[in-house]
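S.K.: Let me give you the structure first, and then I'll get to my questions.
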Amino acid sequence: MRSTEESAGQQPEDEQRAAELRAELDELLRASRYASQRERRLNEAIRATPGRQHPDGDLLRQLAQARVLREGLSARCIQLSDQLQELEIELRQRQHPQPDPPEPRPHLHSRPHRTPQPRRSSQPRQAPQPHQAPQPHQAPQPPPPPEPHRQHQPPPPPTRPDLGALTERITGLHRTGALPEVEELLNQAAARLAPADAALLVGMLSRRGPTGASLQLARTAAGNTPEHAVAVLAELRELGLTEEAAELFHAFWAYPASAVPALLGALERAGQHADGATLLWEWGSAPTSELTSLAACLQQHGRPADVRTLLRQAAGRPTADLVGLATELPPALATLLLHELAALRPPTELVRLAAALDGHRELYGQLLAALLADDTRHRTTLAALRTAGLPTAPKPATPRSRWGRR
């Protein structure tokens with residue numbers, strides 16, 4: 001009876017607590033929406049000055065504060081929502097308890113069979129202990145599992161870095177001539193900061209930091225994973241930091257050929273398709289060995305469109321470079337290159353290329369096959385080849401000797 005009264009007295013308190021949590025959660029949700037709107041307005045204010053490469057430092061600080069406030073409010077809303085859900089589940093269980101199963105009733109026409117009961121002693125019987133001490137040959141019992149409501153508590157929000165203090169520290173070290181320490185701080189910031197924080201720090205350094213520090217930090221951000229570096233690039237452009245964004249994009253040109261497919265994929269997922277095309281255009285003038293390596297990597301990663309774009313960019317190279325490139329490429333890519341050349345180069349240059357490939361039977365046959373596939377279009381080129389004394393028909397395969405078939 002007493003437990004029932006305590007449960008009935010505790011229920012109004014829990015209902016009041018649930019109402020307080022709902023009211024607090026509503027206020028936090030409104031504050032979170034206001035912080036999101038303020039963050040969006042600050043971003044629009046920064047983008048509204050495209051002519052200025054270095055946005056106002058006050059706007060950048062306000063934007064950083066708005067992001068910290070929004071993320072903190074979001075984390076607190078999640079915590080309150082979990083607490084409110086657990087409390088409402090307890091209230092529902094109290095209001096609608098599950099009834100105990102009824103005991104079996106005896107039959108009306110049957111006499112109950114009584115078994116003889118032993119005589120009870122006056123001493124109270126001790127209940128068996130649920131957890132006895134483990135025997136030497138037994139393993140100790142594991143501790144009971146944690147309660148469910150403690151197991152699903154969300155982790156506390158991560159501590160955001162103080163970008164203003166970091167900017168002042170970098171500036172102070174630069175004034176004292178501690179350039180190695182400045183470089184170390186910039187390397188750590190590029191490696192540890194989130195893309196949004198890294199872009200904000202670049203903006204603060206461009207406004208109040210040492211000369212060239214913002215460019216160095218943007219350039220160092222290219223040393224992270226392609227996903228992280230591309231995210232920093234997008235944040236820099238959103239803040240209007242065009243000079244720093246260009247510095248970061250130029251650092252992508254130093255990527256090895258093996259890392260370029262992942263970088264192109266990250267640019268595509270970020271919606272920066274023009275950057276991927278520009279990157280392939282730059283690689284089109286790379287040395288022959290590096291260009292060959294990149295074409296092979298793109299083919300291995302299943303990017304045939306990028307392979308075609310790369311070889312099309314390389315079609316404007318000198319004839320000697322094209323001959324070396326065709327001989328170093330794998331056979332399938334060499335065929336693709338020669339077909340691109342047949343479609344893009346004028347007749348005089350194609351005759352010059354055919355003369356250079358005359359000693360390479362397979363490559364010359366591939367170029368001639370590309371020209372003969374559309375002989376109406378390449379009529380002038382085929383006539384120029386005949387004038388130069390070069391073959392315009394595929395050479396027949398060398399017949400095998402009858403002695404070789406034995």
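S.K.: Can residue 3 be described as in a helix (DSSP H, G or I) and modelled with pLDDT under 70?
M.R.: Judged against the criteria, residue 3 is a match.
S.K.: Working only within segment 285-295, note down all residues that are modelled with pLDDT of 90 or more and either hydroxyl-bearing (Ser, Thr, Tyr) or closer than 10 Å to residue 310 by Cα (or both).
M.R.: Matches in segment 285-295: 288, 289, 291, 292, 293, 294, 295.
S.K.: Tell me, please, whether a residue that is of a type in the set (Asp, Glu), farther than 27 Å from residue 309 by Cβ and out of contact with any Lys or Arg (no Cβ under 6 Å at 6 or more places or on another chain) can be found in segment 196-213.
M.R.: Yes, some residue in segment 196-213 is of a type in the set (Asp, Glu), farther than 27 Å from residue 309 by Cβ and out of contact with any Lys or Arg (no Cβ under 6 Å at 6 or more places or on another chain).
S.K.: OK, next. Please note which helices (runs of 4 or more DSSP H) are completely contained in segment 277-336 and include at least 3 residues that are over 28 Å from residue 368 (Cβ atoms).
M.R.: Because the criterion is at least 3 residues that are over 28 Å from residue 368 (Cβ atoms), the helices (runs of 4 or more DSSP H) in segment 277-336 that meet it are 288-300.
S.K.: What tally of residues in segment 235-250 results from selecting those that are in contact (Cβ under 8 Å) with a residue 24 or more places away in the chain and crowded, with 17+ Cβ neighbours inside 10 Å?
M.R.: Looking only at that region, the number is 10.
S.K.: A follow-up question, please. Kindly provide the set of residues from segment 293-313 that are of a type outside the set (A, V, I, L, M, F, W, C) and surrounded by 22 or more Cβ atoms within 10 Å (Cβ to Cβ), ordered by number.
M.R.: 306
The values are calculated or read from the model by the stated rules, or taken from the named source; none is laboratory data. Predicted model only: the values in this text are computed from it and were never measured. A quick note on method: Cβ atoms are made from the backbone with ideal geometry, for glycine too, and the neighbour counts reach across all protein chains shown.
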